[in-house]
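Beneath this line is the structure, given in structure tokens, with notes to follow.
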Amino acid sequence: MRSTRLRPPARAPEEPDAGFSRAAKVVASIVANTTLLTALVFYFGFVYTQWFFDHFHVHYTLLNQSTPEILARGVDGLFIPLAAASGVVLVLLCAIRYLKKRLAPNRWSALLRICTPIAALAGVALIVAFGFVAVDPSRSLGYPGLPGVALAVGVLLLVFAWHQVIDGPILVEAGIAFVLVTVGLFVAVADYSIALGKQQGGVVEETVQSGPDVLVYSAKSLNLTMDGVHEVVCKQPEAAYRYRYNGLKLLLQSGGQLVLLPSGWTSDKGAAIVLPRTDSLRLEFTTTSPGSC
């Protein structure tokens, strides 16, 4: 009697675009990851806050910035970049779906075979460029955030090329790619937030001087003697606030602290003033010259 052996079923041939589908899943897992997006927004707001207040020579820890304030700055700063990145991804995916539907299977496979080496070379070039900038940041050519984006895009291009030639599960590759892309995004966010924080500090420096003057009334002398600030002693000895300080502008109030700037303040000279918001202080805002105290 002739014996027969059971053979394992032959694996179905993989579709030509299966590698691309796997690469697209990696991109989708990053774009749709709300935890990652929240972390990027918070990190942007945190770094932006540090460099914004550094422009005014104020350490950010003095102001006890709350999480909602930091997140609000992150959303405001990353709104346009995130919208632009999402739009590019959407257009790219729509174009791919359109081409896949319009082209015959053999022509689609031929297109993928052409794109694979191009993607691999471009990915390597972008990662090498990131390495050069990481060693010497002056090579970024004044484009904040671009090196980190180059790393993230380069990794995705290599994942696409790798998945075109490798069969089977891709869990390890996808995990490594996710980590590297995340690192690239955080590097990009850090660079961009530093540049934007410095830029907005300069913008606010100019605009705050056009705002209303702040009259600070105090129960006791605050000994504010910097240029542009004038102390006036009220004539009424029984007044609750005997001292008034003219020539100040309010930058902001946060964490129970007031950040004030003398009129005509510039970042290269002058000092910012941080006062605790207490009952011994009273603020008045005016656009006219103050009268008698």
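Would you compute, from DSSP H runs of 4+ residues alone, the mean residue ellipticity of the chain at 222 nm, taking -39500 (n - 2.57) per run and dividing by the full residue count, rounded to the nearest 500?
Per the formula, -19500 deg cm²/dmol.
Tell me, which cysteines of the chain are without a disulfide-compatible partner by the Cβ under 4.7 Å rule?
If one checks each Cβ against the other cysteines of the chain, Cys94, Cys115 turn up with nothing under 4.7 Å.
Taking 0.36 nm per intervening residue step and subtracting the Cα-Cα distance, what contour gain separates Thr61 from Ala104 on full extension?
Numbers: separation 43, 0.36 × 43 = 15.48 nm, distance 6.10 nm.
Gain on extension, Thr61 to Ala104, equals 9.4 nm.
Does the stretch 76-161 come out rounded, prolate or oblate by the C-alpha gyration tensor, with a ≥ b ≥ c the root eigenvalues, rounded set by a/c under 1.5 and, if not, prolate when a/b is larger than b/c and oblate if not?
oblate
Let me make sure I get this right: for the stretch 228-267, a, b and c are the square roots of the gyration tensor eigenvalues over alpha carbons, sorted descending. Under 1.5 in a/c it's rounded, otherwise prolate if a/b > b/c, else oblate. Which is it? Don't jump to the answer; show the numbers that get you there.
Details: a/c = 5.29, a/b = 1.58, b/c = 3.35.
Here the stretch 228-267 falls in the oblate category.
In whole Hz, with x marking every Gly and Pro, tabulate ³J(HN,Hα) for the stretch 57-67 from phi via Karplus 6.51 cos²θ - 1.76 cosθ + 1.60, θ = phi - 60°.
6, 10, 6, 5, 5, 5, 9, 6, 4, 7, 4
Rounded to the nearest 0.05, what FRET efficiency do Leu252 and Asp227 have when you use their Cβ-Cβ distance and R0 = 22 Å?
0.50
Tell me the angle of helix 146-165 to the major Cα principal axis of the chain, expressed in degrees between 0 and 90 and rounded to the nearest ten.
For 146-165 against the chain, the angle is about 10 degrees.
In nm, give the distance between the simple-model label positions of Ser267 and Val203, each being 7 Å from the Cα along the Cα-to-Cβ direction.
Label at Ser267, label at Val203, 1.3 nm between them.
On a full-extension model of 0.36 nm per residue, what is the gain between Val89 and Ile166, subtracting their alpha-carbon distance, rounded to one decimal in nm?
My answer for the length gained is 25.3 nm.
Hey, what did the chain get for relative contact order, percent, Cα under 8 Å, at least 6 apart?
Reported as a whole number, the value is 20 percent.
Let's test the formula: R0 of 30 Å, r as the Cβ-Cβ distance of Asn33 and Ala125. What FRET efficiency results, to the nearest 0.05?
Details: r = 27 Å, r/R0 = 0.89.
The formula returns an efficiency of 0.65 here.
Since every read-out is calculated from the coordinates, none of them should be taken as a lab result. Fair warning: this is a prediction, and the values are worked out from it, not measured in the lab. Virtual Cβ from ideal backbone geometry, glycine too; neighbours counted across all protein chains shown.
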